[in-house]
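A.B. asks: A single structure is presented below for examination.
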Amino acid sequence: MIAYVDGGSRGNPGPAGVGVIIEHPTGRRVEISQAIGVRDNNYAEYAALLVALEYAAAFDSGSLQVYSDSEVVVRQISGSYSCQSAALRDIYRACMALVASLQHFAISHIRREHNAGADRLAKEAIDRATRERPADDNAVETDLAAQAFRKLVQLEQLG
């Protein structure tokens, strides 16, 4: 399975979203565009990776190749950099636990122009989040794992 992932926020922090494109070995292509509440850009980049990893786990894929335009995420997940941010530590650990559950995992950095599909999906999610943004940005805290799981269940039902 191959995944192209991107995340972003409008403001730092601000309304945030993720875009993920999954390419199954069968040729099936799945696009995920999900708002994730008010987050910073680095968290959104990790959230996109988490969605891809959860998708692979839900479909019992033993193998996942991820492409991301976030050098920070790629280098931290690959072990070149350590994750020092307290704000990212939990989502980093969640990603690493899912990586460890796969038989084969690889993550590669690609230039933004080669990740246009995932970038488009992330921006669509941010646009939706901006339109739906509550008056008090702190009023709604998004549970990313529950949101990703609901999205996976919907995708599975679509077959």
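The values are calculated or read from the model by the stated rules, or taken from the named source; none is laboratory data. Please read all numbers here as calculations on a predicted model, not as lab measurements. Don't worry about glycine lacking a Cβ; one is built from the backbone with ideal geometry, like all the others, and counts go over all protein chains shown.
A.B. asks: Consider the stretch 39-69. How many of its residues are within 16 Å of Asp127 (Cβ to Cβ) and surrounded by fewer than 21 Cβ atoms within 10 Å (Cβ to Cβ)?
C.D. replies: Here the count works out to 1.
A.B. asks: Condition test on Ser68, is it modelled with pLDDT of 95 or more, under 17 Å from Ile22 (Cβ atoms) and hydroxyl-bearing (Ser, Thr, Tyr)?
C.D. replies: So Ser68 passes the test.
A.B. asks: When Ala145 is evaluated against the numbered criteria (1) modelled with pLDDT under 95; (2) assigned to a helix (DSSP H, G or I); (3) under 16 Å from Asp40 (Cα atoms), which criterion, by number, is the only one it fails?
C.D. replies: Checking Ala145 against (1) modelled with pLDDT under 95; (2) assigned to a helix (DSSP H, G or I); (3) under 16 Å from Asp40 (Cα atoms), the one that fails is (3).
A.B. asks: Counting just the residues of the stretch 1-50 that are charged (D, E, K, R) and not in a strand (DSSP E or B), which one comes out farthest from Val73 (Cα to Cα)?
C.D. replies: Arg28
A.B. asks: Considering only the stretch 3-54, how many residues are of a type in the set (Ser, Thr, Tyr) and more than 10 Å from the chain's Cα centre (by Cα)?
C.D. replies: 2
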